[in-house]
Amino acid sequence: MENFTFHNPTRIHFGRGQIAKLDRELPAKARVLLLAGGGSIRQNGVYDQVRTALGNRPVIEFFGVEANPDYDTLMKAVEICRREAVDWILAVGGGSVLDGAKFVAAATPFKGDPWDLLAKGEKVREALPLGAVLTLPATGSEANSAAVISRRARHEKLAFLSPLLFPRFSILDPESTFSLPARQVANGIGDAFCHVLEQYLTFPVNAAIQDRFAESILRVLIEEGPKTLADPKDYAARANLVWAATWALNTAIGVGVPQDWATHMIGHELTALHGLDHARTLAVVLPSLLQVQRDGKREKLLQYAARVWDLRDGGEDARIDAAIAATRKFYESLGIGTHLADYGVPAGVAAEVARQLEARGAIKLGERGDITPAVVEKILRLAA
Ligand code: NZQ
Ligand code: ZN
C-alpha cells in the first residue's frame, strides 16, 4: 500500500425525513443561494421540505443548472453571489447541481478568470461553504471534493478539485430519489460501478481493505441495482444504492492504491462532443478499455473475475474474457448501450477524442500512464 492522508470532512445525514436537519446545519443568519436543476425538486416534494427547513433565512433561488452543468449558466449564479453577498451555497439536486455548486463556491471569491480553475488548474484558495441535498445516487459528489464542468460553447468538459470543496454536510434521503426516471437510476448504478473500477481495477499493491471494500460495493450494485430498477419505491434497495454510490467515490477506497480514470477522461470528451449522458460514455469506453489494457490489469482482472463475478474455472484468458463480457452484460441489463453505434456516434469520433485529449496534454492516461492518444483511438475503435 502506498502512503496516504485520508480526511473526509463531509457530515452525512442519511435516511427518511433528514432534510429537516438543514435547519441545524445552516447558520440562522446565513444568506443562502439555493442552486437547483430544471425543476424535478418542485415535483417530488423535495423543494417544499427544503424551504420549510430553511425557515426565515434569506434565500435566493437559482434554478436551471443543466445536466452536465454549463460554465456560462453557473457564471450567472456567481454574479448573483457576488452582488448579494451570499455566504452559503445549498445544492439541491443530482451530481450536476452539486458540481455546479462547487464551481460557484470556488469562483465567487476567485480573483482571476474562473475558467482557469478548470483549464489551468489554478489553485482554489478560498471557497464559500456549501451543503447538499442529494436527489440522484451516482457521482459521489455529495462526499468528495471534485466537480466536472462543461463549457458547451467550446465543446469542453473539465474537472477540478480542492479540499475546500467537500460539502460541509450532505443530506441523503433515499425517498427523494424515488421520482427518478429509470434512465437516471440506471445511469447512477453504471456511474458508481465505474467509479469503483477506476480505483480498483489497476494492479495489486496489497491493499486488502480497499480491495475488499471495492468488491463489496460492486456486489451491492450488482445485487441491489436491478431490485431498485424493478421497484423504484423499494426503500431498502434504494437506500443500499444511495449509500453504495456515495462509498464508490467518497475517496475511501482510492487511498493508497493506483488509480486509472482513463474511462472517465475519454468519456468526458464523448459528452463534450456528442452530449451523451455521463454514465453512457463510461459503458461505451469501459469494456473496450479493459480489453485493450488486459495485460497491465491482468492480476486485478483475475481477482475481479473471481471475487465479483464468481468466475473461478477455466484458463486465465478465458476468465478475463468472461469478466469483461459480464461487465458489458451488466451495463446492457440496465438498459445502457455499450457501443458508440447505440448512440449514433460515428467511429470517426475515435480520432477526434484522441486529438482533443492530446491538445490538452492528456497523453499518458491510466494507472501506468501507457494510454497514449493512439491507445485512446484503439479503445474507441473497438467500441464502435
Ligand atoms: O435538473 P432536474 O430537473 O433536477 O433533473 C435532473 C436531470 O435532468 C434529474 N433528476 C435528478 N434528481 C431527480 C431527477 N429527476 C427526478 N427525480 C429526482 N429525484 O436527473 C437528470 C440528471 O441529473 P444529473 O445531476 O445531471 O445526474 P448525475 O447525478 O448523474 O450527474 C452527472 C454529472 O456529474 C458529473 C458528470 O460528469 C455529470 O456532469 N460527475 C461528477 C463527479 C464528481 N463530482 O465526483 C464524478 C462523476 O464521475 C461525474 O463525472
Ligand atoms: Zn463518473
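The values are calculated or read from the model by the stated rules, or taken from the named source; none is laboratory data. All of these numbers come straight from a predicted model, not from anything done at the bench. All Cβ positions, even for glycine, are placed from backbone atoms using ideal geometry, and neighbour counts span all protein chains on display. Side chains are part of the model used for accessible areas, which takes the heavy atoms of the whole protein and leaves out ligands, DNA and RNA. Shrake-Rupley method; radii C 1.70, N 1.55, O 1.52, S 1.80 Å.
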The conditions are (1) more than 16 Å from ligand 1 (Cβ to nearest atom); (2) in a loop (DSSP other than H, G, I, E, B); (3) under 19 Å from the mean Cα position of the chain (by Cα), and I336 fails exactly one of them. Which is it? (1)
Positions within segment 186-214 being away from ligand 1 (no atom under 16 Å from the Cβ) and either open to solvent by 30 Å² or more (accessible area, probe 1.4 Å) or more than 16 Å from T263 (Cα to Cα) (or both), in sequence order: F203, P204, V205, N206, A207, A208, I209, Q210, D211, R212, F213
Among the residues of segment 362-384, count how many are open to solvent by 50 Å² or more (accessible area, probe 1.4 Å), under 24 Å from Q259 (Cα atoms) and not basic (K, R). 6
Has segment 151-171 got any residue that is more than 22 Å from G39 (Cα to Cα), of a type outside the set (A, V, I, L, M) and within 14 Å of ligand 2 (Cβ to nearest atom)? yes
The residue that is surrounded by the fewest Cβ atoms within 10 Å (Cβ to Cβ), considering only those in segment 109-123 that are within 22 Å of the chain's Cα centre (by Cα) and within 20 Å of T73 (Cβ to Cβ), is D116
Residues in segment 224-271 that are basic (K, R) and within 12 Å of ligand 1 (Cβ to nearest atom): how many? 1
Number of the condition not met by A351 [criteria: (1) in a loop (DSSP other than H, G, I, E, B); (2) open to solvent by 20 Å² or more (accessible area, probe 1.4 Å); (3) modelled with pLDDT of 95 or more]: (1)
Could you check segment 293-315 and list, in sequence order, the residues that are part of a loop (DSSP other than H, G, I, E, B) and open to solvent by 60 Å² or more (accessible area, probe 1.4 Å)? D295, D310, R312, D313
Looking only at segment 272-292, how many residues end up being within 15 Å of ligand 1 (Cβ to nearest atom) and open to solvent by 10 Å² or more (accessible area, probe 1.4 Å)? 8
Could you run through segment 74-106 and say how many residues are open to solvent by less than 20 Å² (accessible area, probe 1.4 Å) and in a helix (DSSP H, G or I)? 15
Going through segment 219-255 in order, the residues found to be acidic (D, E), part of a helix (DSSP H, G or I) and open to solvent by less than 50 Å² (accessible area, probe 1.4 Å) are E224
